[in-house]
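For reference, the structure is listed below as structure tokens.
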């Protein structure tokens, strides 16, 4: 495993690119800017290694990116309607970075735009990223310590482990905003299999519409033929 410095002027912290390689040749590249995945190259059926995630080559592109491509997003991934939520009999107002709603942690304090500390764990072929979000940052209550660990196994699995602690009641929904295309083309007739039996239905604005929904099977398969996910 190796790391290289690609930028050193952001918040007086080094921005690095870390390369992990499995014993089967899968290459995963991570950056501490946003604690995200910059590149993932895997073999196709012919043994040719191909790029399967969207990433950028320069720090400037990541700074300008509004989709937080490949990065850890939060404190809350997704939309919070009208930037408002109630907790412990208190009302909290967040910035409306996706008017009229708050999205993916907002523009102030967004985890995807932070330079994270990191530790390379050679023994487990893993990298652990850590950062702190202060009480009131982005409008969220509580000081929050976040830890995101990426593990590349020799079975060619990419495991992402999220952990967090806080000194006050707060809301939290972390995610890695990864854009994946295993076909290396467009997303038409693309299927995703999720090993889950629960999901949250959302409306056209991405707002949750109901309680947790259940499906009576272990694997939920989502297919796409045209439509928003099928656009090139």
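The values are calculated or read from the model by the stated rules, or taken from the named source; none is laboratory data. Fair warning: this is a prediction, and the values are worked out from it, not measured in the lab. Ideal geometry is used to build each Cβ from the backbone, glycine not excepted, and the neighbour counts take in all protein chains shown.
Looking only at residues that are more than 20 Å from the chain's Cα centre (by Cα) and not in a strand (DSSP E or B) in region 118-133, which one is surrounded by the fewest Cβ atoms within 10 Å (Cβ to Cβ)? Per the criteria, the residue is 123.
Of the residues that make up region 66-76, is at least one surrounded by fewer than 19 Cβ atoms within 10 Å (Cβ to Cβ) and closer than 25 Å to residue 173 by Cα? So that I can check it myself, show each step before the final result.
Looking only at region 66-76, we keep the residues that are surrounded by fewer than 19 Cβ atoms within 10 Å (Cβ to Cβ), and these are 66-67.
After this cut, where a residue has to be closer than 25 Å to residue 173 by Cα as well, the list is 66-67.
Among the residues of region 66-76, at least one is surrounded by fewer than 19 Cβ atoms within 10 Å (Cβ to Cβ) and closer than 25 Å to residue 173 by Cα, which makes the answer yes.
Quick check on region 50-60. Is at least one of its residues over 19 Å from the mean Cα position of the chain (by Cα) and closer than 30 Å to residue 25 by Cβ? Within region 50-60 (the criterion being over 19 Å from the mean Cα position of the chain (by Cα) and closer than 30 Å to residue 25 by Cβ), the answer is yes, since at least one residue qualifies.
Among residues of region 134-153 being surrounded by 18 or more Cβ atoms within 10 Å (Cβ to Cβ) and more than 14 Å from the chain's Cα centre (by Cα), the one that is modelled with the lowest pLDDT is 138.
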